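J.: Supplied in structure tokens, the structure appears directly below.
The values are calculated or read from the model by the stated rules, or taken from the named source; none is laboratory data. The structure displayed is predicted, hence computed values, not measured ones. Cβ placement follows ideal geometry from the backbone for every residue including glycine, while neighbour counts extend to all protein chains displayed.
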Amino acid sequence: MGRHGVHAFERQYLQPFEVDLEVKVDLSSTGTTDSLDNTVDYATLADKVERVVAGNTFYLLETVADSIVSEVLKDSRIQAVTVAVYKLRPQLNVHLDKVGVKIEKTRTAGSE
């Protein structure tokens, strides 16, 4: 749940959002060790997403998605991230189940 939207009424009340998150990580040792220490903890990633969505107010879904990307890439093991953010049941003049944006970003050399 979050308070995001261009119009004041969109930011006045909590609204449902859906986030899809995909990360690229070197998993070459994870399959043989079966250890969480050799991969990314998805519960930690989910907490980061929740903090961005629920802890901020933005006008644009693009800003929500970009903020999630920035938080996720703070983990230097993550090589690339794709984030899709959807506003569920948006208040529009037409019926749509959801509207959203998708952002993909790859870590650049020297950005660790």
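J.: Tell me yes or no: at least one residue of segment 57-64 is out of contact with any strand residue (DSSP E or B) (no Cβ under 6 Å at 6 or more places or on another chain), free of Cβ contacts under 8 Å to residues at least 24 places away in the same chain and not in a helix (DSSP H, G or I).
T.: No, every residue in segment 57-64 fails to be out of contact with any strand residue (DSSP E or B) (no Cβ under 6 Å at 6 or more places or on another chain), free of Cβ contacts under 8 Å to residues at least 24 places away in the same chain and not in a helix (DSSP H, G or I).
J.: Also: Go through segment 1-30 and report how many residues are of a type in the set (S, T, N, Q) and not in a loop (DSSP other than H, G, I, E, B).
T.: 3
J.: Among the residues of segment 1-45, how many are farther than 18 Å from Val69 by Cα and basic (Lys, Arg)?
T.: Residues that pass the stated criteria total 2.
J.: Tell me which of these Leu92 doesn't satisfy, since it passes every other one: (1) closer than 19 Å to Val6 by Cβ; (2) surrounded by 13 or more Cβ atoms within 10 Å (Cβ to Cβ); (3) in contact with a strand residue (DSSP E or B) (Cβ under 9 Å, 6 or more places away or on another chain).
T.: Against the list (1) closer than 19 Å to Val6 by Cβ; (2) surrounded by 13 or more Cβ atoms within 10 Å (Cβ to Cβ); (3) in contact with a strand residue (DSSP E or B) (Cβ under 9 Å, 6 or more places away or on another chain), Leu92 comes up short only on (2).
J.: Would you mind finding the one in Val19, Val72 that is crowded, with 16+ Cβ neighbours inside 10 Å and closer than 19 Å to Arg107 by Cβ?
T.: Checking each option against the conditions leaves just Val72.
J.: Looking at (1) modelled with pLDDT of 85 or more; (2) surrounded by 10 or more Cβ atoms within 10 Å (Cβ to Cβ), which is the only condition Leu36 fails?
T.: Every condition holds for Leu36 apart from (1).
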